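Since the structure comes first, as structure tokens, the remarks are kept for the end.
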Amino acid sequence: MAGPRVDDIYERVKAMAVSFRLRPGDRLNEVALSKELGVSRTPLREALNRLVAEKMFDFRPGQGFFCRALDAKSVFDLFELRQIIEVAAVRSACATATDEELQALQDELYATGIDITGLTVEEAVNRDEAFHLGIARLSGNSELFETLCRINERIRYIRWISMSLDRVQRSKDEHKRVMQALLERDENSAAEVLSRHIAKRMDQVQDAVRHGISNIYMEGSEDISARIIEKA
């Protein structure tokens, strides 16, 4: 079992991968990264191998570790998978969650997830993820929940981009409608609204990826996750 040191390195490097501080497609310089983190290469490699298993990095025999690509088709596939998983989750939650659990989810949504004006993009996306993960948790299927967590990590950068570009009023209204359908145990309505809420067209994904790549490679560009949402 990995010790706390490896776990810490894993979390730090994963955060760099999620935010594309390590540029997509670049070969990882293990020596430079180990110096930057102040760690030896052995625990760093163990952390990297865990991240390869989670598809946050690629490993090529004889060449080393490479930062994950940022291409529209891969991102689109992940959003499509997210849609399938979350629709299954909301149907299950409608059938199996207790009234008390659903009420608690609604209370949390209205306490922390509706008004995101003044938050950073990262904070707003975190709140959005929390609501969706709350539904997944109420499905009672731990594997579904863990899978959604991993998908979220792999698309989080694109969600930051989308949040910074899009008007979010529609998103907030759809959260309310999903929640109402859950409280009414209206499985079909909950699934329909949630499916539309998550779905991304390829052109939308391509646009977000284009903006994301521009942000990554623009010299001195602002950290997209730290931008403030002025009006939501």
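The values are calculated or read from the model by the stated rules, or taken from the named source; none is laboratory data. Not measured: the values here are computed from a predicted model. Note that we place each Cβ from the backbone using ideal geometry, even for glycine, and neighbour counts take in every protein chain shown. With ligands, DNA and RNA removed, areas are computed over all heavy atoms of the protein, side chains included. Shrake-Rupley method; radii C 1.70, N 1.55, O 1.52, S 1.80 Å.
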Exercise for the section: Keeping the other protein chains in place, figure out the carbon and sulfur percent of the accessible area of region 1-58, with a 1.4 Å probe. Expected result: 48
Completion exercise
To the nearest Å², the heavy-atom accessible area per residue of region 49-133 with 1.4 Å probe amounts to 48
Problem - DSSP-loop trypsin sites (Lys or Arg not before Pro) across region 93-201, with at most 14 other Cβ within 10 angstrom - result: 167, 185, 201
Practice task
Determine the gain in length on full extension of the stretch residue 88-residue 53; use 0.36 nm per residue of separation and subtract their C-alpha separation, reporting nm with one decimal.
Solution key: 10.1 nm
Fill in the blank from the handout: The answer for the longest stretch of the chain without any exposed GluC sites (Glu not before Pro) (DSSP loop, at most 12 further Cβ atoms within 10 Å) is 1-183
Practice task
Leaving ligands, DNA and RNA out of it, work out the accessible area of residue 42 with a 1.4 Å probe and give it in Å² to the nearest 10.
Solution key: 110
Handout entry: Ranked order, 68, 50 - accessible area, probe 1.4 Å, largest first
Key = 50, 68
Exercise for the section: Please list the helices of the chain that count as membrane-span-like by this rule: a mean Kyte-Doolittle hydropathy of at least 0.5 together with Cα atoms stretching 24 Å or more along the helix axis, each helix being a complete DSSP H run. Expected result: 72-96
Problem - residue 112 accessible area, assembled protein chains, probe 1.4 Å, Å² - result: 60
Handout entry: Residue-averaged [θ]222 nm for the chain, counting only DSSP H segments that reach four residues, each worth -39500 (n - 2.57)
Key = -22000 deg cm²/dmol
Practice task
Can you check what the net charge comes to around residue 67, using other residues whose Cβ is under 11 Å from the Cβ of residue 67 (Lys, Arg +1; Asp, Glu -1)?
Solution key: +2
Problem - the chain: most fluctuating residue of 89, 104, 199 per GNM, C-alpha cutoff 10 Å - result: 104
Practice task
Can you pull the one-decimal nm distance between simple spin-label points at residue 103 and residue 183, each 7 Å off the Cα toward Cβ?
Solution key: 1.1
Fill in the blank from the handout: The relative contact order of the chain, taking Cα pairs under 8 Å that sit 6 or more residues apart, comes to a percentage of 27
Handout entry: Heavy-atom accessible surface of region 59-150: percent carbon and sulfur, 1.4 Å
Key = 53
Handout entry: Charge sum, other residues only, whose C-beta stays under 12 Å from residue 42's C-beta, Lys/Arg counted +1 and Asp/Glu -1
Key = +1
